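The structure appears below as structure tokens.
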Ligand SMILES: C[S@@+](CC[C@H](N)C(=O)[O-])C[C@H]1O[C@@H](n2cnc3c(N)ncnc32)[C@H](O)[C@@H]1O
């Protein structure tokens with residue numbers, strides 16, 4: 001597959017079917033937020049509930065259902081392993097990957113990363129804020145986690161950069177944060193948070209390419225474009241693929257093919 005043809009595009013496809021066609025050593029950063037399938041310990045009926053019923057309690061108008069969230073944890077781990085094996089192949093040496101997860105599936109994800117021979121380097125903590133559901137006699141699960149690492153060694157840019165490993169990006173009513181009513185995907189991530197992660201990607205003469213092959217509403221693609229990075233978005237649900245395509249068209253003003261860094265920067269100035 002010609003990488004240039006996919007740049008700054010949202011492709012409606014299954015991630016694995018897409019990944020196997022990508023050239024080896026072609027991607028500068030992977031940032032994903034796969035379905036967590038965290039109901040894995042629950043009954044088959046609760047796992048297979050429509051995702052709108054499972055996660056869509058924060059607004060009057062229902063979100064579209066998204067696919068792939070009904071596996072138990074053993075099957076999820078088996079499946080995501082094939083995805084990470086492809087990441088190990090398509091990532092360039094010394095490039096970063098980021099993978100969102102919650103506390104229940106975190107151990108399975110860290111095993112997966114290591115099984116794929118990628119270097120697991122740490123966990124960034126995302127504080128989602130006080131709106132998280134309370135549990136009697138227990139602690140709120142108000143944080144999610146971003147497991148990150150590299151393919152091989154860390155990059156060594158001429159000018160080192162330094163980054164915090166904890167991010168406050170509450171989904172709440174405070175100005176500047178993602179408001180529950182503005183969410184267009186039930187598990188949408190705030191652009192501010194994704195932006196923080198992608199800032200570490202070293203810049204080159206041509207825009208580094210960020211791949212999100214579970215792009216949902218396109219929030220990571222927006223963050224990439226806002227930093228002048230190129231992106232490839234893949235999404236299996238046709239409704240969300242369309243939503244992400246529309247989002248990126250409105251942000252980039254119709255620029256849907258490979259755009260030079262200068263143009264992307266100008267659009268976001
Ligand atoms: C957790 S959501 C991502 C939400 C996204 N980060 C956002 O901010 O909108 C995971 C997405 O992956 C998609 N998905 C599930 N299985 C997939 C597959 N095999 N290939 C591509 N996309 C898939 C789902 O439809 C869902 O939209």
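The values are calculated or read from the model by the stated rules, or taken from the named source; none is laboratory data. Source: prediction; values computed, not measured. Every residue, glycine as well, gets a Cβ built from its backbone with ideal geometry; the counts of neighbours run over all protein chains shown.
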For residue 215, work out the one condition from (1) in a loop (DSSP other than H, G, I, E, B); (2) modelled with pLDDT under 95; (3) within 14 Å of the ligand (Cβ to nearest atom) it doesn't fulfil. (2)
Please verify whether the range 127-139 includes one or more residues that are touching a helix residue (DSSP H, G or I) at 6+ places or on another chain (Cβ under 7 Å) and at pLDDT 95 or above. no
Listed residues 72, 102; which is under 16 Å from residue 148 (Cβ atoms), touching a helix residue (DSSP H, G or I) at 6+ places or on another chain (Cβ under 6 Å) and surrounded by fewer than 22 Cβ atoms within 10 Å (Cβ to Cβ)? 102
Can you spot a residue in the range 193-201 that is assigned to a loop (DSSP other than H, G, I, E, B) and touching a helix residue (DSSP H, G or I) at 6+ places or on another chain (Cβ under 7 Å)? no
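Condition check ((1) in contact with a strand residue (DSSP E or B) (Cβ under 6 Å, 6 or more places away or on another chain); (2) surrounded by fewer than 21 Cβ atoms within 10 Å (Cβ to Cβ); (3) on the phi < 0 side of the Ramachandran plot) across all residues:
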position	(1), (2), (3)
192	no, yes, yes
195	no, yes, yes
202	no, yes, yes
207	yes, no, yes
214	yes, no, yes
219	no, no, yes
223	no, no, yes
231	yes, no, yes
242	no, yes, yes
Against the condition within 16 Å of the ligand (Cβ to nearest atom), farther than 18 Å from residue 100 by Cβ and either at pLDDT 95 or above or in contact with a helix residue (DSSP H, G or I) (Cβ under 8 Å, 6 or more places away or on another chain) (or both), how does residue 230 come out, does it pass? no
Can you tell me how many residues within the range 1-24 are in a loop (DSSP other than H, G, I, E, B), within 16 Å of residue 230 (Cα to Cα) and touching a strand residue (DSSP E or B) at 6+ places or on another chain (Cβ under 7 Å)? 2
Suppose we filter the range 244-264 for residues that are at pLDDT below 50 and crowded, with 19+ Cβ neighbours inside 10 Å; how many remain? 2
Kindly indicate the residue of the range 1-34 that is crowded, with 21+ Cβ neighbours inside 10 Å and away from the ligand (no atom under 16 Å from the Cβ) and also nearest to residue 210 (Cα to Cα) among those meeting that condition. 28
